[in-house]
Every structure is written in C-alpha cells, then in structure tokens.
1. Please work out the Cα center distance from region 148-185 to region 71-110, rounded to the nearest Å.
2. Could you sort 174-186, 216-228, 244-256, 94-106 so that the peptide with the highest average Cβ count within 10 Å comes first and the rest follow in order?
3. So, by mean Cβ neighbours within 10 angstrom, what's the order for 261-269, 144-152 with the highest one leading?
4. Tell me, how many Å apart are the Cα centres for region 209-265 and for region 275-310?
5. Once every Cα of region 51-309 carries one equal point scatterer and solvent is ignored, give the base-10 log of I(q)/I(0) from the Debye formula at q = 0.08, 0.09, 0.13 Å⁻¹, two decimals.
C-alpha cells in the first residue's frame, strides 16, 4: 500500500509537470547609450599682439603722385610730378618702438620735376626747362633712424651736400615706410610722435616739424590666416627754411596735413602696404625778384601708394 501511494504521488507530480509550461526566460534590458556630443574647442580670442623686435628684409614698390598749383598773372598753373622707386628695408625696434634700419632704394625715377623748377616755363619764348635729374634710374643705399623726437634718413655714405640731390629725393620716399610701433598693439591703441627732420629744396635748408597721431583702427584676417592691423596716421606738418646771402634772401614757410592707412602684419610687425594723401601750402619769398613774383604760394597735393613685393 505504501509503495502504491508513493507511485501515485510521483505520477501526479509528473503529470503536473508535463501539463504546465515553464515561464520564458527574461533577458536583462540594456539601456540605450546617450548620444556622444563632440566638444568644440573655441580658439582663444586674441585681443592684443606683441610686435617682434626684428623686422626682416622686405621689398616694396613706392609710387608718389604730386600735383602742384600756383597762381601766375591771374591764372592757376598746375604741374604734376610722378615719383617711383623700389625700396628694400630691414631693421630692429626697441621696447619703446624706436626703429633703426637700413636698405636700398633702386629703380628711382622722377617725371615732371623740370617744369616745376622752371616757374615761368611756357610763359615766355625764352623759357628753358631746368635739368635736375638724369633719365637713368638711381640706386641709393641708406640708413634710417626714428624715435619719438627725431626722424633721420641718410644716404650711405652720407652726401657732402644734400641740397637738390636726386639721392635725397630717393631717400625721402623711405619716410612713409618707417613707422614707430609700440611693443604691444590692440584695436583702439593710440600713441603720438613729435619729430624733427631736415631737408633741402631749391638750395634752401628746411627744418620740418611733424606731429603725428596713430590709431589701431581695426584688425583683419587675410589669406593663410594672417592677421593685419589697420594703423591710421594723421600728421600735421610745419616747414621753415631760410637762405641768406649778401644780395638775396629766400624763405620757405609751409603748413599742411596728411593721413595714411597702413596694414601691419600682427605677427611679424612688417608693414604690408600703405595708402595716404596730403595737402601742403608753401609760401616762397625771394628778395631778388623785382617783377612781382618775389612772393608765391604753391599748393601741393600728394598721393602715396606702397605695396609689398616678393
């Protein structure tokens, strides 16, 4: 009886097992990974630039167009002078921005100066042009020095007499290239110069005093990610000269203003290009003239264009 009872219990257990399905296995769910958002690193915003001390050798084409107007017998006479030269310049700046350098002006030419220096050319049958410059282009080595008080550009070796020399006209073109730059520049930076220079025109030694104001007006990104600073220069000029002899006194008195916009490479400190214009009013007095032309006023308008060359 006991064995039969055990058999019956086992049979019921087997029947129950065969008649009921086992619950399905549940696999653990894997959470969906969050999307990966790349982190974009913004380049740091550069608000100021340090100008290197060394300016490498750079070559430029300088073109100057000058228009001179003067009154003569109730008429306004106008003459044009075109000046052109290739300039190579290199140098070094100190911590205050003062510049010392050297270079060469080559292929220097002037057109139209003969008529300017012949004030009565075309007014009488006996007028003759004054030869002042040979047709052959000049090559002139020079040295340049600029600080907040003095600008000096001289030929190398120096001329014994700078008056009315073609070499002096060649080195005069370098003045637009030599700019005093503080060590650190940013948009809105301003600074001033008050320099004295010396030139000689028509045999008259002239002292030139220039008060200049500079402003970093803007910054531009150009090709190859180069950054250029736009530096605006405004200059007020006063010129005074006198030549005395036993029989003649010649005086020169001039005032004027000029503006120039220069592109300066923010990393190298090299001037890339510049454009400017100016107006100068010159009063000439010559005591040796008794025909009414002893006092003249000449208005000089100048346009300057400088471009970097390979």
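1. 8 Å
2. Listed from highest to lowest mean packing, they are 174-186, 94-106, 244-256, 216-228.
3. Working: 261-269: 18.8, 144-152: 16.6.
Packing order, densest peptide first, comes out as 261-269, 144-152.
4. About 15 Å separates the Cα centre of region 209-265 from the one of region 275-310.
5. Debye curve over Cα of region 51-309, log10 I(q)/I(0) at q = 0.08, 0.09, 0.13 Å⁻¹: -0.35, -0.43, -0.87.
Rule-based calculations on the coordinates, nothing more; no lab input. Values in this document were obtained by computation on a predicted structure and should not be read as measured data. Note that each Cβ is placed from the backbone with ideal geometry, even for glycine, and that neighbours are counted across all protein chains shown.
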